[in-house]
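Read the structure below first, then the notes.
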Amino acid sequence: MKLLSLFVILFLSLESRAQSSDISSMFEAQMGYGFAIIKNPTDAEYSGIALRGLYGYSIYNGEASNLLITANYKFSAMDNTSNDSTQTQEATFYGPGVGLMYRAAPLTFGVDYNFMKVNHKSQGTFTTESKQSFKTISAYVEYSASFDTAELGFTLLGEYGTIEKSETGMNQDQKFQNLAAFLHFKYYFGLFEE
Amino acid sequence: MGLNKFITLVLVFCITVIVISCAKNPGFNHAALGLNGYKILVVNSNTTAPVSYTVTMYDENGNFLGVVVDYTNIGAPVRGIAVVDLFNFVVSLENVDRLDKVNVFGERSLFASDTNFNGVIFDVERAPDGSFFVIEGNTIERFDKNGVRYNSSATPYINTTTTGLATCTLNTPRKLAMLSNGNLAVTNTGNDIVNVYNISGATATCVSINNGSGAFDPVAMLAHSDGSTYVATNLAANSRILRFTGAVTGAATVVWNTNLSIISTPTAMAEMPDGTILVASDGTDTIERIDTSGQVVTTSSFIRNSYTGSVTDIVVVGGE
């Protein structure tokens, strides 16, 4: 309830301050850097390049804001931060998702639900490859500077999920956390007014 | 959009990247290393060409995962292994006369050495209190969980003869086993007996001896979860596996009778998660798998490679 109240306050606040716009759909490309942690039994930390693409379809155009349903695809290629001359680990995370995006320029907020896969490649003392599937929930905030029907900006995304023990063969589930920063480019279709 | 705004965006991005990537706490993903489930560690000390002194790791199906640690270059035969936890273990090293602590990534460090620990080193076993027992010549040394030798004097924790039974003599001891009652059992190939010691006190007391193995060099020994203690004799023509009571009392039941085409001169045993027994067969340079009734589980050898010759110890660890 508190969260809903906060969302309403945020919505009304931004609705009164934001620029007016009327859009039909949106495409967004993001490129950045991510930092992921897979927990249990140790914290395995990864960092590396992160890419994300979104398509949004507007389901509400308000006085000063828009609500879009989105489809996205995430990809990140990361190295374990503990890599050394005897052991290395690479992890490639990728997968599609759906979500909601609320835009009140210059800010945008969104949530995603993704169906992710991770390919692990280990080399050194232990040389193995494995693949696991898991689901994640993401929340992100964006700040954008606009010109005509396009925007350039910055995105900060937090992602959380669980890799189930049935996927890994471990005795316990593994917690997955990811924090990523992106530079993004957005292009809006449809009428766009300032 | 002005240039200043663009530069600001890039700066915010760069600062954020630096902030989120600076909190490094090293660690590997064990599932991605194949360290999920149970793992088998095999100690190999082949003193004939090609010489190799290694600890190798396998999954529970016997698939080779990697060489965890290799002491060949420093000429130190690995004579025993004791599990500390899922990722760390202690190995006993001949020639250099020391115990090393090793983790599954092959990182090793000195765990214990002592001026009075300078004889011929064989098996190492970890007690429930975290201390380690190591065969040294015809004695047994004890180190605490921090690697400190138990006695400050030259006298070992268990000497060749000790209090208790007059006939309880260490004579070419080879393997140790912690029994379920807390006692320590020792196989001796020199006098063909299994000694059992009470190790609860400041000095050890010999509580029993058992010559039920016959004059066939008892070497490998396994305190099994079924409550029995299994002993393998490795005199070439009498490669048998015997089942004793958990306390190693009374007569033995022959579980595996000599069949040299499968098990020849067994040197080490370990219990798998399902209760089956891995047996290192030195004559065939393989590791075989049998059940407790003596039936072969894996018709073709469970593990056979260049590291399964002259196996001195096996342990099964896991699962996470």
- Query: Which members of the stretch B:172-192 meet the condition of being over 19 Å from B:Phe132 (Cβ atoms) and surrounded by 22 or more Cβ atoms within 10 Å (Cβ to Cβ)?
  - Reply: B:Asn188
- Message: Which of the numbered conditions does B:Arg79 fail, given that it passes all the others? Conditions: (1) touching a residue at least 60 places away in the same chain (Cβ under 8 Å); (2) among the charged types (D, E, K, R); (3) within 11 Å of chain A (Cβ to nearest Cβ).
- Response: (3)
- Can you give me the number of residues within the stretch A:156-174 that are at pLDDT 95 or above and either among the charged types (D, E, K, R) or in contact with a His (Cβ under 9 Å, 6 or more places away or on another chain) (or both)? 1
- Residue count for the stretch B:225-257, restricted to those that are surrounded by fewer than 18 Cβ atoms within 10 Å (Cβ to Cβ) and of a type in the set (S, T, N, Q): 6
- Query: Does B:Asn146 count as assigned to a loop (DSSP other than H, G, I, E, B), polar (S, T, N, Q) and over 19 Å from B:Phe89 (Cβ atoms)?
  - Reply: no
- Task: Using the structure shown, decide if B:Gly106 is within 14 Å of chain A (Cβ to nearest Cβ), surrounded by fewer than 22 Cβ atoms within 10 Å (Cβ to Cβ) and within 26 Å of B:Val316 (Cβ to Cβ).
- Result: yes
- Inside the stretch A:33-71, can you point out the residues that are under 20 Å from A:Val98 (Cα atoms) and free of Cβ contacts under 8 Å to residues at least 12 places away in the same chain? A:Ile59, A:Tyr60
- Please enumerate the residues belonging to the stretch A:144-169 that are surrounded by fewer than 21 Cβ atoms within 10 Å (Cβ to Cβ) and over 20 Å from A:Phe35 (Cβ atoms). A:Ala145, A:Ser146, A:Phe147, A:Asp148, A:Thr149, A:Ala150, A:Leu152, A:Glu164, A:Lys165, A:Ser166, A:Glu167, A:Gly169
- Search the stretch A:33-44 for residues being assigned to a strand (DSSP E or B) and within 7 Å of another protein chain (Cβ to nearest Cβ), and hand back the single one that is farthest from A:Ser65 (Cα to Cα). A:Ala44
- Task: With a cut-off of at least 3 residues that are touching a Lys or Arg at 6+ places or on another chain (Cβ under 8 Å), name the strands (runs of 3 or more DSSP E) lying wholly within the stretch B:200-316.
- Result: B:218-223, B:229-235, B:253-256, B:277-281
- Query: Looking at B:Leu41, B:Leu35, which one is at the interface with chain A (Cβ under 8 Å from one of its Cβ atoms), surrounded by 19 or more Cβ atoms within 10 Å (Cβ to Cβ) and either in a loop (DSSP other than H, G, I, E, B) or at pLDDT 80 or above (or both)?
  - Reply: B:Leu35
- Checked against (1) within 9 Å of chain B (Cβ to nearest Cβ); (2) more than 29 Å from B:Phe64 (Cβ to Cβ); (3) not basic (Lys, Arg), A:Asn114 satisfies every condition except (1)
- Task: Give A:Thr81, A:Thr86 a once-over and let me know the one that is within 13 Å of chain B (Cβ to nearest Cβ) and either farther than 17 Å from A:Asn119 by Cα or touching a Leu at 6+ places or on another chain (Cβ under 7 Å) (or both).
- Result: A:Thr86
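The values are calculated or read from the model by the stated rules, or taken from the named source; none is laboratory data. These figures come from a predicted structure and were not determined experimentally. No Cβ is skipped: glycine too gets one built from the backbone with ideal geometry, and neighbour counts run over all protein chains shown.
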